[in-house]
Amino acid sequence: MIQKEGGSDLSQTQLREQNITESLNKKRMISLYIEPTSICNLTCKFCDLHYNPKSHFKPTGSMSMDTYYKIIHQLNELHFRYKTINFFLHGESLLNANLIKMIQIARKEKISSNFTLTTNGILMTPDKFDQLVNAGITTILVSLDSVNRQYFKDFKGADKLDIILHNIDYALHNTPLNVQFGIKCTTTEHSKYIEEDQSSRVIEYFKETVKHSNNLHVHLKNELSWPEQDKKLKNTILIPCEFPFYQTVINSDGTVTSCCADITNSLVIGDIWASSLKEIIRSKKIKDIQRSLLTGKPPQICRHCLARTAVNFKDCKDTLLNIIDS
């Protein structure tokens with residue numbers, strides 16, 4: 001099956017707004033990102049954190065098990081369960097040797113019913129894939145923007161395409177029906193970094209395998225432009241972004257931010273070693289960020305950021321403000 005990612009699908013906008021409104025009204029969040037590591041084994045040209053790092057960017061490192069156990073303990077104290085736990089953020093999660101153990105613990109503690117992983121696929125060997133499935137992962141996505149070996153090497157900084165395609169082939173033929181597996185491909189329309197025909201080649205390469213399947217997919221996603229890359233935009237973006245309204249993002253060091261695109265830690269709202277998640281997701285800091293987005297006075301980092309979805313809260317802005325202020 002070939003499909004658009006939810007945030008890029010205009011037909012899903014109203015439903016997403018309804019889910020966010022209902023969630024905030026019940027003082028809940030929907031999606032949790034846990035970052036096993038912010039270290040990566042590629043240097044993709046579109047990724048500022050690893051291709052063009054700056055001194056004011058977030059530190060790189062891997063999450064310790066002490067930090068992870070702290071997170072699990074605090075999740076068990078919440079009055080709700082996150083709909084989805086994402087075991088990835090700004091690094092290659094499989095570089096953390098404890099990833100399988102983390103997923104096993106999350107499943108055992110029943111902190112969610114959906115556990116997802118996005119990987120570049122280099123370390124997703126057949127053995128590792130089987131371990132992920134047995135640990136309880138429910139969705140695995142492999143980011144792949146080209147099936148041209150030389151282009152991949154130039155764009156990603158490493159000659160690893162053959163390894164990735166081998167690993168994907170195993171996954172495509174060994175994914176159980178209760179697990180979703182997909183290739184996440186960036187659409188090249190209006191792309192600043194990827195050549196126009198690359199996504200169509202990825203689709204062509206996999207379409208016969210996935211077209212009749214209900215659990216094998218090619219996901220088309222819009223290009224993610226990091227806030228740092230968009231500072232040269234002349235126009236300030238004042239349209240609200242949905243991310244801080246449904247996401248909780250825990251960095252590898254335990255700091256908590258309100259946006260998955262925050263590579264500078266500009267939107268940090270707490271630290272699990274200083275406050276509980278229950279306090280953090282209801283704090284004045286997160287409410288101030290949400291209110292600033294809805295009133296056209298977004299944080300500085302958000303004013304030139306294109307890492308956003310189709311949701312703009314046009315029809316529910318006043319409702320959300322009333323919930324935040326209640």
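The values are calculated or read from the model by the stated rules, or taken from the named source; none is laboratory data. Predicted, not measured: the structure shown is a model, and the values here were computed from it. Please note: Cβ atoms are built from the backbone with ideal geometry, for glycine as well, and neighbour counts cover all protein chains shown. Accessible surface is based on the protein model in full, side chains and every heavy atom, while ligands, DNA and RNA are left aside. Shrake-Rupley method; radii C 1.70, N 1.55, O 1.52, S 1.80 Å.
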Original post:
What do you reckon, is residue 19 farther than 30 Å from residue 200 by Cβ, of a type outside the set (Val, Ile, Thr) and modelled with pLDDT under 95?
Top reply: yes
**OP:** Looking only at the stretch 111-121, decide whether some residue is of a type outside the set (Phe, Trp, Tyr) and over 20 Å from the mean Cα position of the chain (by Cα).
**Re:** no
**OP:** Consider only pairs whose beta carbons are under 6 Å apart and that are at least six residues apart or on different chains; among these, list those whose first residue lies in the stretch 284-297 and is within 17 Å of residue 309 (Cβ to Cβ) and whose second residue is surrounded by 14 or more Cβ atoms within 10 Å (Cβ to Cβ) and among the basic types (Lys, Arg).
**Re:** 294/317
Original post:
Only one of 222, 214 is modelled with pLDDT under 90, closer than 30 Å to residue 295 by Cα and open to solvent by 10 Å² or more (accessible area, probe 1.4 Å); which?
Top reply: 222
Original post:
When only residues in the stretch 300-326 that are closer than 30 Å to residue 73 by Cβ and touching a residue at least 24 places away in the same chain (Cβ under 8 Å) count, which is least open to solvent (accessible area, probe 1.4 Å)?
Top reply: 324
Original post:
Do the conditions hold for residue 36, that is, is it out of contact with any strand residue (DSSP E or B) (no Cβ under 6 Å at 6 or more places or on another chain) and either buried (at least 19 other Cβ atoms within 10 Å of the Cβ) or more than 28 Å from residue 164 (Cα to Cα) (or both)?
Top reply: yes
Subject >> Positions within the stretch 144-157 being without any contact (Cβ under 8 Å) to a residue 60 or more places away in the chain, of a type outside the set (Asp, Glu) and open to solvent by 30 Å² or more (accessible area, probe 1.4 Å), in sequence order >> reply: 147, 148, 149, 150, 151, 153
**OP:** Quick one: count up the residues across the stretch 246-288 that are part of a helix (DSSP H, G or I) and open to solvent by less than 20 Å² (accessible area, probe 1.4 Å).
**Re:** 3
**OP:** Consider only pairs whose beta carbons are under 7 Å apart and that are at least six residues apart or on different chains; among these, list those whose first residue lies in the stretch 10-37 and is among the small types (Gly, Ala, Ser) and whose second residue is open to solvent by less than 90 Å² (accessible area, probe 1.4 Å).
**Re:** 23/29; 23/30; 23/246; 31/82; 31/84; 31/86; 31/246; 31/247
**OP:** Please give the number of the condition residue 57 fails out of (1) among the aromatic types (Phe, Trp, Tyr); (2) assigned to a loop (DSSP other than H, G, I, E, B); (3) over 18 Å from residue 132 (Cβ atoms); (4) free of Cβ contacts under 8 Å to residues at least 60 places away in the same chain.
**Re:** (4)
